[in-house]
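A short write-up of the structure that comes next.
Bear in mind that the values in this text are calculations on the coordinates, not laboratory data. On a predicted model such as this, the values are computed, not experimentally measured, just so you know. Note that each Cβ is placed from the backbone with ideal geometry, even for glycine, and that neighbours are counted across all protein chains shown.
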Amino acid sequence: MRGSARVLLALALIIAAATTPSGEALAKKRSGTPQIAASIVVDMNSGSILHEQAADTPRYPASLTKMMTLYVLFGYLRAGNITQNSDLVVTPHAAIQAPTKLGLKIGATIKTSDAIKALVTQSANDAAVTIAENIAGTEENFARVMTDTARRIGMRNTTFRNASGLPNDEQITTARDMAILAAHLIHDYPEYYGVFETRYFTFNGRKYRNHNKLLLGYKGTDGIKTGYTRASGYNLTASVHRDSKHLVGVVLGGKTGSQRDAAMRALLDKNFASASTTEPSAAQLVASLVTTTPAAPLPAMKKPVYTLAPPTPAPAAQPTSAEGDIAEPPLPIKASLTGPSPKASTKSVRYSGAYHVQVGAFMSQDEAENRLGAVQQRAATLLDGHLPFTASFMKDDREWYRARFAGFSKDDAQAACASLKKMSLDCVVMSAE
């Protein structure tokens, strides 16, 4: 109960801080932290906001969206509507999601437990949509459940339009709201939260490593999620325990994955010294419980809605990052939030070819991104309309990064690669996974 009391108090004070600007927290900001767009650090024992920067500024969540996808799924698991061993059916809509994904085939099934781990480690977009459609019938229905759930738990400035975090200019969140979601995952579903600490996941003979590198090298990290799109930048929500101290941090809009991770480590390092080891008093616990809305009844599960023929055009080869989201030109962040609009964005898909042109594989994401930039600079006309992306894979228990350009037909990819080779640029044609 003591652990629950601490998290409930943290939730109450995080929400309260959204309408009461914390001058004390702002005064605690120090120099030397890599610059990112928005951030917050929460002391989960006391509920204090130890650091905040643009914590209520609207941002794109990218694959942090999958935290809510799992939060909703955990509710159905606890209610017994679905089990860890349930077979989830893969629909055409799920199968054609852009990478990063598992490569699930239409009509195949995946165990709920495997789908959960796929979201946590690989940030698999096809698995996210499979979960959504098997619970709510359609991804659109599931997104409405996600948004309703967000409002109920105190996420005032978040709207969800899909289950994966793939780009939609109406899907918006804030650093504070993501901290609230993380705290609810920790408190509301302790029996499931431990999955966020999964470092490796093996599926169909392939081993995937968690994109959250803090799990592998930052003391006390127990989760929870990374995310990236071109529009969002590099995002991370992290939970870290050290002795009796517990911090949750959110950073949004990093310029690179390594810079984002460095920013998170710096923020946590700076604030652990002032973190509390004191448990909340009874009076504080009562006050925190007032702000915690009881769980609403879950909507009935529905069979996935699909036909045997996949929809067209199929966006299977859209360019992505190594962290589970599509890479696309930046979208304008809305100046204010007006709540859910009547229907989701119908932004057209530019990149529908099922082949990639790979220009190298590297042991660091920065090297892969540098290679993409160099090739794009030399062959700008040839590669116009084919955005660069990186995709991670495991080799000999090490993570590598493929540097690719996406959205080609097979013939166009072969022609483009032939032209690159004439320019002394190595390449290979690959089908989209």
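Extending each Cα 7 Å along its Cβ direction at Asp396 and Asn370, get the distance between those two points in nm, one decimal.
Between Asp396 and Asn370, the label points sit 2.1 nm apart.
Arrange Arg398, Arg156, Arg265 by Cβ neighbour counts within 10 Å, fewest through most, would you?
Arg398, Arg156, Arg265
In region 31-74, whose amide N lies under 11 Å from the spot 7 Å out along Cα-to-Cβ of Ala266? List them in ranges.
31-36
For region 355-431, what is the charge dipole size about the Cα centre, in debye to the nearest 20, if Lys and Arg each add +1 at the Cβ and Asp and Glu each add -1 at the Cβ?
Charge dipole, region 355-431, about its Cα centre: 220 debye, nearest 20.
Once fully extended, how much extra length lies between Ser274 and Arg378, figured as 0.36 nm per residue of separation less the alpha-carbon to alpha-carbon distance?
32.4 nm
Based on the Cβ-Cβ distance of Arg152 and Thr83, what FRET efficiency does E = 1/(1 + (r/R0)^6) give at R0 = 25 Å, to the nearest 0.05?
Once the sixth-power term is evaluated, E becomes 0.55.
Please state, rounded to one decimal and in Å, the Kirkwood hydrodynamic radius that region 170-236 gives when every pair of distinct Cα atoms enters the mean of 1/r.
13.7 Å
Calculate how large, on average over all directions, the projected area of the Cα convex hull of region 350-414 is; give the answer in nm² to one decimal.
The number I arrive at for region 350-414 is 4.5 nm².
Could you give the dipole magnitude of region 227-267 about its Cα centre, charging the beta-carbon of Lys and Arg +1 and that of Asp and Glu -1, in debye to the nearest 20?
Here the size comes out at about 100 debye.
About the Cα centre, and with charges only on the beta carbon of Lys, Arg (+1) and Asp, Glu (-1), how big is the dipole of region 77-201? Nearest 20 debye, please.
For this selection, approximately 160 debye.
Quick one: which of 39-51, 364-376 comes out on top by average Cβ neighbours within 10 Å, and what's the full order, highest first?
Highest to lowest by the protection proxy: 39-51, 364-376.
Roughly how many nanometres apart are two label points built 7 Å out from the Cα toward the Cβ at Asp222 and Thr57?
Inter-label distance under the simple model: 3.2 nm.
Eigenvalues of the Cα gyration tensor times 5, then square-rooted: what semi-axes does that give for region 81-176, in whole angstrom, largest first?
Those come to 23, 15, 12 Å.
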